[in-house]
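Below is one structure; the comments refer to it alone.
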Amino acid sequence: AIRVPQAVCQGGASGMAFLVLEYLPLASRGSFAEMGRRLAKLHAVTNHCFGWHVDNYIGTTPQRNAPSADWIGFFRDQRLAFQIELARRGGLALPQADVLLANLQQFFEGYQPLPSLLHGDLWSGNAGFLQDSGEPVLFDPACYYGDRECDLAFTEMFGGFAPQFFQAYTAQWPLAAGYGRRKRLYNLYHELNHFNLFGGSYGSQARATIAELCSQL
């Protein structure tokens, strides 16, 4: 559906693991519209359940992927609750987090996502274009089968994707009602993960997002 660097080989040496990938000369400019269309095609690859065949990582944070037919339960337990527990161990007070976790279903009334193949870590730093052709390329994924809105939400968290990207994507596959609310919920996962990785203001940002989401319950 979309160009990615191909794996050349993998192995271990001196107690370290290595992965060699195809070298792709990249540029920051190219067809964002084509990237949007191809991401929609990627998301059209579906599975019978949510999750992945192995656990993996989001940055250096473990990402649990036990297969589940229940998206709300999967996102609550293997995404938000896991990150919230890590953040609390790191000293972040999240007094409203348990209320949010107990009421996630309110963000999904009338909406049942498909288990779509996701990039999983789709911000502008993990996307580019081939220098010679402008063909879109995605890399550094944290793959799993989940709600396609998770990928789209993260593209908006830090910006960097041109309007043509969203226009072309939604022309291929329109978004369902309620995306605006769920977008904040899905990006909370990344706010928490950024706190767990880097600390700093991401903690207060996550706490504010939880308070905002709880006010909508």
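The values are calculated or read from the model by the stated rules, or taken from the named source; none is laboratory data. The shown structure was predicted, so the numbers you read here are calculated from the model rather than taken from an experiment. Positions of Cβ are backbone-derived with ideal geometry, glycine not excepted, and every protein chain shown enters the neighbour counts. Surface accessibility is based on the protein's heavy atoms, side chains included, excluding ligands, DNA and RNA. Shrake-Rupley method; radii C 1.70, N 1.55, O 1.52, S 1.80 Å.
Quick rundown of the values:
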{"item": "Computed lengthening from A162 to I72, 0.36 nm per intervening residue step minus Cα-Cα distance", "result": "29.4 nm"}
{"item": "Loop GluC sites (Glu not before Pro), region 100-156, which have at most 10 other Cβ atoms in a 10 Å radius of their Cβ (DSSP)", "result": "E109"}
{"item": "Modelled label reach - Q172, point 7 Å along Cα→Cβ, region 114-142 residues with backbone N closer than 13 Å", "result": "117-119, 136-138"}
{"item": "Charged-residue dipole, Cβ positions (Lys, Arg, Asp, Glu), the chain about Cα centre, Debye nearest 20", "result": "200 debye"}
{"item": "Normalised contact order of region 49-170, rounded percent, pairs of Cα under 8 Å and 6 or more residues apart", "result": "25 percent"}
{"item": "Förster-model FRET efficiency, 25 Å R0, Y179 and E22, C-beta, rounded to 0.05", "result": "0.15"}
{"item": "Among 134-144, 23-33, the order from most to least packed when residues are scored by Cβ within 10 Å on average", "result": "134-144, 23-33"}
{"item": "Principal axis dimensions, largest first and in whole angstrom, of region 46-86 by Cα", "result": "29, 18, 12"}
{"item": "Mean ellipticity per residue at 222 nm, deg cm²/dmol - from DSSP H runs of n ≥ 4 across the chain, formula -39500 (n - 2.57)", "result": "-11500 deg cm²/dmol"}
{"item": "Accessible solvent surface per residue of region 18-105, calculated while the other protein chains remain in place, 1.4 angstrom probe, Å²", "result": "54 Å²"}
{"item": "Potential extension, F198-L114 segment - 0.36 nm per residue separation minus Cα distance", "result": "27.0 nm"}
{"item": "3J(HN,Hα) from dihedral phi, region 123-131, Karplus parametrisation 6.51/-1.76/1.60, rounded to Hz, x for glycine, proline", "result": "10, 5, x, 10, 9, x, 9, 5, 4"}
